[in-house]
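Q: Submitted below is the structure of interest, expressed as C-alpha cells.
Readers should treat all values here as calculations from the given coordinates under stated rules, not as data from a laboratory. Every value quoted in this text rests on a predicted model; they were computed, and no experiment measured them. Ideal geometry is used to build each Cβ from the backbone, glycine not excepted, and the neighbour counts take in all protein chains shown.
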Amino acid sequence: MNERAKVLYIEDDHSSQRLIQRLLGNHGYQVFVASDGLEGVSLAREVQPDIILMDINLPQIDGRSITTRLRSIASFSDLPIVALTANNTPGHRELALAAGCSGFLTKPINVDQFPQQIESFLQGHQQQLSQEDKQYHLERHTYQIVENLENKVRELESANRRLMRLERMKSDFLTIASHELRTPLTLISGYSNLLEKRLKMEQSDVLTPVIQTAERLNKGVQRMEYVVDEIIRVSRVSSGLLDLQPAPVPLAQLVSSVREQYQAILQERRLTIHLEDDLHRLPQIKIDSEQIEIALENVIGNAIKFTPDGGDIFVSGQQDEAWVTLSVRDTGIGIPQADLKRIFEQFYVVGSLDHHSTSKHAFRGGGLGVGLAIARGIMEAHQGRIWADSPGQDEDSLPGSTFYLAFPAGLAAPD
Ligand code: ADP
C-alpha cells in the first residue's frame, strides 16, 4: 500500500466525511475533504491528490459534472476519480463512468474491503464501459448538464430579480423616510435656532447652562439635517434626477472656494491644501458649479478626514485631448487596493465602523458612506469619471490616496 498517497474526498455529508477520513487515515492515507464541487476543484489544484473520491449528489454542481470539469484540466486527465454514491439505481454507474469516473462504488461502503478497493484504483484499475454504452450514456450526461445549466440560469435570474426588487425597495424606503423626516426636522431646526437666539438676547448668567443646552441641541439638529440631506441627495443622484445648470467655470476657483469652506478645520488640524500651479493653467469648463463643488467637498472632505493632523493635501490639474482632470492627493492612511472601486458604492465604508469617530472632520471621522457615491453620480451626470488610486492602507507609513475627477475635454469653454 502506498502509505503517503493523498486522497481528496468531495462530499457534503459530514458523517460520510468523518468515516472515510478515519478509515483511510488509519490506513496511512492523507485525506483532504471538500464539501462541494467547486471547493473540490480548487482543493484538487492546491494539493494535487493521487486519487479523488467523488460523491455524485453534491449541492450546486453534481459530482458527474465536476468529474468532467476535472478531466478537462491536464493534471487530472489520467487521475483515478472514483464515484462514491448511495444511488445504485440502474444506469447510474454507466452515467458516472461516461462522465469520466474511473470507477463506481456504492455507499454504505464495505469497511473491510474499501482500503483495498482504493489501493487497486491507485494501481491503475479502471472499470470499463463498452463503446456503445459509453456513447449512449455520454449523450445522457450531456443532456443532463444542459438541463442543469438551464435550471441554474433560471434560479439565478429569479434571485437577481429578487435582489433588484429589494434594492428598489431599499432606495424607495430611504427616499420616503428621509423626505418624511425633512419636514419635522425643518420645524425643529427653526425652533431650536430661535430658542438659541432668544436666550442669547437675555443678559442673564443664570441662563448660561440653558444657552449651552440650546447650542448643543442646534448642533445635533444640524448634524441630523446633514445626514437626511445626504440621503436625499444620494437617492436623487442614483435615480438620475440631477438637473444640471452648466456654465463656464475655472476649476481652480471651485477648489479655492472649497478650501475656504474648510479653513477653520484645516487650521484646527494643521492641515494644508496646496493648489499646484498646473491647476491654474486648466481651461474653463462648462459644468454645474454647485454640483461639482459638492463632489469636490466630498473628495477634499475625505482627504481631510483620512489624513492625520499636520498633513498635506495637493490639488493639481492635467489636460490631454480627451480629458481635463483634477487630482486630489493626500498624505493619509490610504485605501486597501481591494476597496478602491467599492468605496464609490452607496453606504460603503472601508473596514469596520468601530474606527469611526462621530465628528465629521476629525481624523477618521464618521460618515454615512455616501459621499463618494454622490460624487460619482455628479461626475457621471457630466459624462465625466471619478476614480481613486492608493498603494494600500497603512496607518503608520501613511501611503496616501489620490482621487481623480476627469471631465470630457469637450466641456472646455473656448477662451
Ligand atoms: P463617508 O461619507 O463615510 O466618508 P465616502 O463615500 O465619502 O463615505 O467614502 C467611503 C469610504 O472610502 C470612507 O469611509 C473611507 O473608508 C474611504 N475613503 C474615502 N476617501 C478616502 C481617503 N482620501 N483616504 C482614505 N480612505 C478614504
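Q: From the C-alpha gyration tensor of the stretch 113-168, pull out the three semi-axes of the equivalent ellipsoid (sqrt of 5λ each), sorted largest to smallest, in whole Å.
A: 42, 19, 6
Q: Still on this structure, please answer the following. Among rounded, prolate and oblate, which fits the stretch 247-411 when a ≥ b ≥ c are the square roots of the eigenvalues of its C-alpha gyration tensor, a/c under 1.5 means rounded, and a/b larger than b/c means prolate?
A: Because a/c hits 1.5 or more and a/b exceeds b/c, the stretch 247-411 counts as prolate.
Q: Right, something else. Let me check against my output: what whole-number percent is the relative contact order of the stretch 247-411, with C-alpha pairs under 8 Å and at least 6 apart?
A: Value for the stretch 247-411: 25 percent.
Q: Compute the Kirkwood hydrodynamic radius of the chain, taking the inverse of the mean of 1/r over all pairs of distinct Cα atoms, and give it in Å to one decimal.
A: The answer is 27.2 Å.
Q: For helix 131-201, report the angle its Cα long axis makes with the longest principal axis of the Cα atoms of the chain; keep it between 0 and 90° and round to the nearest 10°.
A: 20 degrees
Q: What value, in deg cm²/dmol to 500, does the helix sum -39500 (n - 2.57) over DSSP H runs of n ≥ 4 give at 222 nm once divided by the residues of the chain?
A: That calculation yields -16000 deg cm²/dmol at 222 nm.
Q: Related question: Quick one: which residues, 5+ away or cross-chain, put their amide H under 5 Å from the amide H of W323? H built at 1.01 Å from N.
A: A409
Q: Which GluC sites (Glu not before Pro) from the stretch 160-233 combine a DSSP loop assignment with at most 14 other Cβ atoms within 10 Å?
A: The qualifying sites are E202.
Q: If you don't mind, there's one more thing I want to ask. Assuming 0.36 nm per residue, please report the length gained on full extension of the stretch S75 to E260 beyond their Cα-Cα distance.
A: Roughly 60.2 nm would be gained on extension.
Q: From the convex hull of the Cα coordinates of the stretch 6-129, what is the mean projected area in square nanometres?
A: Its Cα hull, projected and averaged over all orientations, spans 6.7 nm².
Q: Would you mind calculating the relative contact order of the stretch 161-238 from Cα pairs under 8 angstrom and at least 6 residues apart, reporting the percent as a whole number? Write down the numbers at each step before the final one.
A: Details: 35 pairs, mean separation 37.0, N = 78.
So the answer I get is 47 percent.
Q: I188 label point, 7 Å along Cα→Cβ, cut-off 19 Å on backbone N: hits in the stretch 231-251?
A: Only 231-233 fall inside the zone, counting backbone N under 19 Å.
Q: Return a whole-number percent for the relative contact order of the chain, with Cα pairs under 8 Å and 6 or more residues apart as the contact set.
A: Over the chain, the number comes to 10 percent.
Q: Shifting gears a bit: So how far apart, in nm, are the two label points at R216 and D309 if each is 7 Å from Cα heading toward Cβ?
A: Calculated label separation equals 2.3 nm.
Q: Arrange K107, K170, K305 by Cβ neighbour counts within 10 Å, fewest through most, would you?
A: Final ranking by Cβ density, sparse to dense: K170, K107, K305.
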